[in-house]
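To start, the structure itself, in structure tokens.
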Amino acid sequence: MNQKELNLILDDVKSFPSMPAAALKLLSLLKDENAATGQVEQVLRYEPGLTANILKMTNSAYFGLPTKIGSIRQAILLLGWKKLIQIVLTSCVSAIIDKPVQGYDLPAGDLWRHSVAVSVATETLVKLLKLSVPDEVFTAALLHDIGKMVLGRYVEADILQMDQESLNDVSFEQVERSMFGIDHAEIGAKILKRWSFPPTMISIVRWHHEPDAAPKPNTAIDVVHAADVLCLMAGIGTGREGLQYQPSEAASTRLGLTQKHIEIVASQMLQWASELAASVQSGS
Ligand SMILES: [Fe+2]
Ligand SMILES: [Fe+2]
């Protein structure tokens with residue numbers, strides 16, 4: 001590990017693009033049980049770009065709504081304001097991560113598709129297993145690999161060394177730690193911290209590869225981990241990391257995840273994720 005390189009990485013975390021102010025406001029509304037439709041509309045009133053994206057997503061095949069939606073109010077009426085906030089946050093994240101991540105062998109759009117798939121799989125598992133998790137877990141799922149946006153550049157530079165190391169029987173994040181002194185999960189957590197995101201989201205991102213290393217067992221971390229494993233098994237955004245993923249059996253046991261659940265999610269996820277990802281991809 002090279003201290004100079006680690007300092008450069010940490011500098012990149014500091015200069016990483018920020019989330020739009022509207023996203024942060026909406027995240028805080030998500031926690032407020034008394035938040036009203038009007039408050040959501042108020043935040044979006046001066047965000048025409050975001051509003052256009054939200055309507056595009058709401059009208060995508062994924063939601064299968066019977067009529068075309070033309071306004072935020074209509075979207076809230078049909079989907080509920082919590083779902084709408086999730087859509088807004090998805091749209092904000094897409095603007096940041098819809099780029100190629102070379103070190104991880106992820107062409108443009110792949111990290112985005114993987115992130116959407118993990119978020120959709122998380123939502124499906126939460127319903128199937130009747131889990132009690134905070135609403136922000138779906139946005140955390142969307143952001144779980146954001147650290148790759150920073151680390152990718154350095155992985156790319158050290159790719160030859162990494163290929164040799166990857167022959168060893170260690171997980172990808174262990175390789176990252178031995179090379180850089182930090183892994184993409186920790187970098188992601190630092191980015192979310194800089195954005196002043198809630199602690200639950202930060203810890204989901206921080207422990208998504210190692211749910212058993214979290215300070216205490218946490219259903220939200222376990223379910224995002226399981227969703228990530230499912231997506232990599234299905235080959236969605238596998239890239240370099242998917243080859244060396246170490247799933248936690250303890251997390252599956254804590255969740256009560258069975259082979260039957262896995263089959264249900266895997267059979268539907270591919271279609272849902274591509275419908276949703278396509279609706280907000282830049283240029284579409
Ligand atoms: Fe990851
Ligand atoms: Fe992932």
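Here are the numbers:
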item	result
Some residue of region 203-210 being among the charged types (D, E, K, R), part of a helix (DSSP H, G or I), more than 10 Å from ligand 2 (Cβ to nearest atom) and on the phi < 0 side of the Ramachandran plot	yes
Single match in 194, 153 (criterion: farther than 24 Å from residue 268 by Cα, more than 16 Å from ligand 2 (Cβ to nearest atom) and within 18 Å of the chain's Cα centre (by Cα))	194
Any pair with Cβ under 6 angstrom, 6 or more apart, that starts in region 70-83 at a residue that is closer than 9 Å to residue 37 by Cα and ends at one that is part of a helix (DSSP H, G or I)	76/37; 76/84; 81/37; 81/40
Filter result for residue 165 (open to solvent by 20 Å² or more (accessible area, probe 1.4 Å), closer than 21 Å to residue 102 by Cα and modelled with pLDDT of 95 or more)	no
Unique match (being within 27 Å of residue 260 (Cα to Cα), more than 14 Å from the chain's Cα centre (by Cα) and either open to solvent by less than 60 Å² (accessible area, probe 1.4 Å) or away from ligand 2 (no atom under 16 Å from the Cβ) (or both)) among 132, 119	132
Output for region 118-128, where each listed residue is more than 16 Å from ligand 1 (Cβ to nearest atom) and in contact with a Ser or Thr (Cβ under 9 Å, 6 or more places away or on another chain)	126
Qualifying residue in region 99-109 (condition: within 16 Å of ligand 1 (Cβ to nearest atom), under 26 Å from residue 263 (Cβ atoms) and not charged (D, E, K, R))	no
Residue check, residue 71 away from ligand 1 (no atom under 16 Å from the Cβ) and more than 19 Å from residue 30 (Cβ to Cβ)	yes
Pair list, Cβ < 6 Å and 6+ apart or interchain, from region 198-210 residues that are free of Cβ contacts under 8 Å to residues at least 40 places away in the same chain to residues that are within 11 Å of ligand 1 (Cβ to nearest atom)	206/185; 209/173; 209/185
Residues of region 19-51 that turn out to be touching a residue at least 60 places away in the same chain (Cβ under 8 Å) and either exposed (fewer than 13 other Cβ atoms within 10 Å of the Cβ) or outside any loop (DSSP other than H, G, I, E, B) (or both), as a count	7
Considering residues of region 69-100 that are part of a helix (DSSP H, G or I) and among the polar types (S, T, N, Q) only, the residue surrounded by the fewest Cβ atoms within 10 Å (Cβ to Cβ)	74
Close pairs (7 angstrom Cβ cut-off, 6 or more residues apart or separate chains): open to solvent by 10 Å² or more (accessible area, probe 1.4 Å) in region 105-116, of a type outside the set (Phe, Trp, Tyr) and within 12 Å of ligand 2 (Cβ to nearest atom) anywhere	105/239; 105/240; 110/237; 110/239; 113/236; 113/237
Test: residue in region 193-207 that is more than 13 Å from ligand 1 (Cβ to nearest atom), modelled with pLDDT under 95 and crowded, with 21+ Cβ neighbours inside 10 Å	yes
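The values are calculated or read from the model by the stated rules, or taken from the named source; none is laboratory data. Since we're looking at a predicted model, the values are computed, not measured. So basically every Cβ, Gly included, is an ideal-geometry build from the backbone, and we count neighbours across all protein chains shown. Heads up: the accessible areas ignore ligands, DNA and RNA and are worked out on the full protein's heavy atoms, side chains in. Shrake-Rupley method; radii C 1.70, N 1.55, O 1.52, S 1.80 Å.
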